[in-house]
Each structure stands twice: as C-alpha cells, then as structure tokens.
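To keep things clear, I will list the structure first and then write my remarks on it.
The values are calculated or read from the model by the stated rules, or taken from the named source; none is laboratory data. Since this is a predicted model, take the numbers as computed values, not measurements. Please note: Cβ atoms are built from the backbone with ideal geometry, for glycine as well, and neighbour counts cover all protein chains shown.
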Amino acid sequence: MNYRIVAFLLGELCRTLGIALCVPFILALLWGDPCRVAFAETIVLTAVISYLLINYGKADSKDNITFREGVAVVSGAWVLLTFLGGLPYYFGNILDLVSAVFESISGFTTTGATTITQIVAVPKSMLFWRSMTHWMGGIGIVVWFIALLPNLGTGVVHMYNAEVTGATDDRVLPRIKTTSVALCKIYVGLTTILAILLFGAGMNVFDSITHAFSTIATGGFSSYDTSIVYFKSPLIEMIIAVFMILAGGNFALYFSVGSKGIKELWHDTEFFSYIAIVVVVTLLITGNLAAKTGMGLVEAARYAFFQVASIISTTGFVSNDFDVWPPFSKYMLVMLMFIGACAGSTAGGIKVSRIVILFKTAVAEIKRVLHPSAIFSVKMSGKSVPLSVITGISRFFFLYMLLFAILTLLLASTGLTVTDSMGAIAATISSVGPALGIAGATCTYAPIAPFGKIVICLAMLLGRLELFTLMVLIRPEFWRSTRNW
C-alpha cells in the first residue's frame, strides 16, 4: 500500500470539499445566517487537514494508483469527507456530533434519512448545504474529482471502478476522465432543466434549486418537514416524479441515446424492465388504494405514481403518508426499496439489472432440470451474460441479504421492534430514506439511540459503495501485502 499517494489524493479531495463549503458560507454571509461561523470553522479545519495530507503525500504524488490505493482512496474519502461535511451541523448547534455525521452521510450517500425534527427552523444556508451534499454525492465524490482535476494517470480507473459500481462495466467512453466529464454534463443538464421547470411550476428560486439537487441525486432532502406535501401541487409532483424516474436510469444509456437515438432506450433490457416495474406496481397500488381507502382512481393514481417513482429511484420524497396505506401497498413499496433503479444511475438498491439477471438465471435453472442435456444462456439486451458476471451477482445478492440481517439484528439490540429495525435498514442500505414505523413517511430518525444511528451510518455507506469496496478493507492481506493488485 502506497500510503503517500493515498494521503495526497485524500488531501486533494478535502481541498475540493473546502471549496464546495465556500458556497453555503457565502450564502450565509449574504442572508445574515448565524451559521456562517460554523461554516467558517469547518472550512478552516478542512483546509488544515488538506494541507497536512497533501504535504505528507506530495513526494509520491506522481506514483501510479493500483487497485488497493483506488479502494483506499474511495473508502477513505467517503468516511473523511462525510465526517467533515457534518461539522457545520455540529458547530452550528443544530445537531449533536453523531446526528451531524448521520445527516452528512445521509446527504452524501443520497439516502435522505434525517435526524432534524424541525427543518423549517434550520437556516436557509444550512438547508442549501444539506441539499448540496446530495448533489455532490449523487454522481459520486470521486467522479467529480476525476472530472475537475488534471489527469491523474491510468491508475485512476481503480478509483472510478471502486465508486461507480454495478452489474457490468458500463463506461461511456474509453477514457475515464472523458467518461466522468460526460456524466457530469448530463447530470448538470438534467438538474438545470428540472430547476427551471420547478420554478415555472410555482416554486421560488431557493426551493427549485434545492429540490432539483435532491431529485436528480435521488436523495430526498426537502426544505420542509412535510416534504413535497407542502406544495400541494399535482403539477410539481408530476414534474418531480418524471425526473426521479429519469434519474433512476443509466446515465451511460442517456449518452448513447444522444448519439444513436431514442431507440437505444427500448433496446436496453434493464431500462425496459425498470419502466415495466414502475407501470405495473403503480397500477397495483392504485387499485389497492382505490379499493381499500375510498380514494378516487385519479387521486389514487396520483399518489401511487409519485410514491412508486420516489421509492424505486430511492429518492424518498413523500407526497402522501404511505405508512397508513393498506398492507399490500406498503409491501409493494418495501419490495421496491430492495430492487432500486438502474445500474449507472444515482439510485441505490440491488439494481434492476441484477434482479433481471437473477430471475433469468432461476428460469434457466428450472429449464435445465427439465432438459438436462440442453444449454441455456442468460441474455441482457441481446447479449449473453458471462458466467463470471452471474456468479458475481449471486455473491452480491447473498452478501446484501446477509448484511441486511446482521445490521437489522444490531439495530434491534437498541430496543427497536423487529419491524422498525427491518424497515430502517431496508430503507437506508438501499439509500431510500423514509421507512415504515418509527422512521416512517412523516417521522425522522431522531428518536433512535446513538449506537443505532452508527449502525445506520454503516448501512448507508455499505449501500452507497455496494458492499465490496468497504468490505475488502476488513481483510488483513489488503493492508499487509506488498504486491500490486
């Protein structure tokens, strides 16, 4: 392990965070918010840490980055930067230290779970920073870093792959830096379009920008305690719902659509399956709400479509209290939490591509039992899926469910019921945010004990980095071995 190059890159990332913190600090000065001191203190501390790390690692800054350095930088960046990003909440006396780090991790991982009980009482500049952490973390801290900084050498591919994980290697272009720039352009473009549409639909400038940040990042932080319910606008709900679905799609696929045409969307098995799931589940929940709650079909369809889009994209916005919906509808939403959206998106969850491949693999195995001599292949978008990918997905699914069970057990040890524990872990490991029960649609994670919040922080980080990037750090040979990986 080349600790100097790891320290140098972490220092550069800290410097990038410090520059980002200047935005809410300037806003706090302009608006006269009292939290300007908290931002100033955080910027100074971040600058000091950045200087120390860069100074220590500067001598080896040109060294090549191997797999181990790439994983160490990505994992270290998410831990260090989320800690520093939570300090404004703590220095501003808004949250205690554990809750502040929780809020920051929830922001950067685009989970959207909150421990703030009165959002409207929080200064606007702090709310802007809160949504800004969503936007920075949505496409990935390291992706922004690669796109904005000078070329870091061929080894940067390991950093990119450690953060932008998925069922397959889905790079847009051959060069990682060029890929990162292309993804950022799409990301910024969608955010800009959405902010303009929301402003035109009746939101003020502040709300339109912060909600655009949260939507495109599939995060879910709102400027109001009642989330999207506050606006009482079917038009705003529809605009946000459509963009949540778009944000849940593969950004690399959108690049292909720009160069090859709209037909690329429907030739992609994952995107087609993603839209099919949205349509089918929306119809099922609409029927269930209309039959069990007395809602009219139009009203039921409005709430069902928004909430399905919100949960499958793992955004977590709320337009209606789904915690009081019939059991069937709530069960469907929980299933969507685990499924998530497409690989290559800003969403969390297992991902639709993995679910489709697992389903097709199960069907192929059933056919093989009936026809032992036949050869069956699993295909995605007309191409056969390699056995190594199927094996990797099976391992990922097993580890995902195993960690879900372990984290649920740890959270239950704090005194929460099994249902509350399962709901909270399902919602946070999948980066959804709102769960059922104690952390339901109209509740926060504030009542959970500090140890429980730490467990949930771990769940959010594991879910954002798709397990393996963090899990590999617990292997002793990762730190002991001197060979390049």
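Below, the figures for the structure above:
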read-out	value
Residue pairs meeting the criteria (Cβ under 8 Å; at least 6 apart or on separate chains; first free of Cβ contacts under 8 Å to residues at least 24 places away in the same chain and outside any helix (DSSP H, G or I), in the range 388-413; second surrounded by 13 or more Cβ atoms within 10 Å (Cβ to Cβ) and of a type in the set (K, R))	none
Filter pass, E264 being surrounded by fewer than 21 Cβ atoms within 10 Å (Cβ to Cβ) and in contact with a helix residue (DSSP H, G or I) (Cβ under 6 Å, 6 or more places away or on another chain)	yes
Count of residues meeting criterion [in contact (Cβ under 8 Å) with a residue 12 or more places away in the chain and assigned to a helix (DSSP H, G or I)] in the range 259-277	9
Boolean, S421 is of a type outside the set (A, V, I, L, M), closer than 25 Å to A217 by Cα and buried (at least 23 other Cβ atoms within 10 Å of the Cβ)	no
Criterion violated by G11 - all others in (1) of a type outside the set (D, E); (2) farther than 14 Å from L81 by Cα; (3) in contact (Cβ under 8 Å) with a residue 24 or more places away in the chain; (4) part of a helix (DSSP H, G or I) satisfied	(2)
Checklist (1) in a helix (DSSP H, G or I); (2) touching a Lys or Arg at 6+ places or on another chain (Cβ under 9 Å); (3) not aliphatic (A, V, I, L, M) applied to F83, failing item	(2)
Which numbered condition A59 misses (of (1) modelled with pLDDT of 90 or more; (2) surrounded by fewer than 17 Cβ atoms within 10 Å (Cβ to Cβ); (3) of a type in the set (G, A, S))	(1)
Residues that are free of Cβ contacts under 8 Å to residues at least 40 places away in the same chain and either in contact with a Lys or Arg (Cβ under 9 Å, 6 or more places away or on another chain) or assigned to a helix (DSSP H, G or I) (or both), drawn from the range 430-450	I438
Given (1) modelled with pLDDT of 90 or more; (2) in a helix (DSSP H, G or I), number of the condition Y224 does not satisfy	(2)
Single match in A309, A291 (criterion: free of Cβ contacts under 8 Å to residues at least 40 places away in the same chain and assigned to a helix (DSSP H, G or I))	A291
Number of positions in the range 22-55 that are surrounded by 22 or more Cβ atoms within 10 Å (Cβ to Cβ), among the hydrophobic types (A, V, I, L, M, F, W, C) and closer than 23 Å to G140 by Cβ	1
Extreme residue, surrounded by the fewest Cβ atoms within 10 Å (Cβ to Cβ), among residues of the range 109-132 that are under 21 Å from G423 (Cα atoms) and of a type outside the set (S, T, Y)	I116
Failed item, numbered, when A28 is tested on (1) touching a residue at least 60 places away in the same chain (Cβ under 8 Å); (2) of a type in the set (A, V, I, L, M, F, W, C); (3) in contact with a Leu (Cβ under 9 Å, 6 or more places away or on another chain)	(3)
Index of the failed condition, I285 passing every other in (1) buried (at least 22 other Cβ atoms within 10 Å of the Cβ); (2) modelled with pLDDT under 95; (3) part of a helix (DSSP H, G or I)	(2)
Unique residue being touching a helix residue (DSSP H, G or I) at 6+ places or on another chain (Cβ under 8 Å), at pLDDT 85 or above and β-branched (V, I, T) when the list is I429, I406	I429
Condition broken by L336, with the remaining ones in (1) free of Cβ contacts under 8 Å to residues at least 60 places away in the same chain; (2) surrounded by fewer than 18 Cβ atoms within 10 Å (Cβ to Cβ) satisfied	(2)
Set G202, G220, G248: member being touching a residue at least 12 places away in the same chain (Cβ under 8 Å) and in contact with a Gly (Cβ under 7 Å, 6 or more places away or on another chain)	G220
Qualifying residue in the range 130-147 (condition: outside any helix (DSSP H, G or I), at pLDDT 90 or above and under 21 Å from the mean Cα position of the chain (by Cα))	no
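Residues checked against (1) buried (at least 24 other Cβ atoms within 10 Å of the Cβ); (2) among the β-branched types (V, I, T):
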residue	(1), (2)
A426	no, no
V432	yes, yes
A435	yes, no
G440	no, no
Y445	yes, no
P450	no, no
A459	yes, no
L462	no, no
R475	no, no
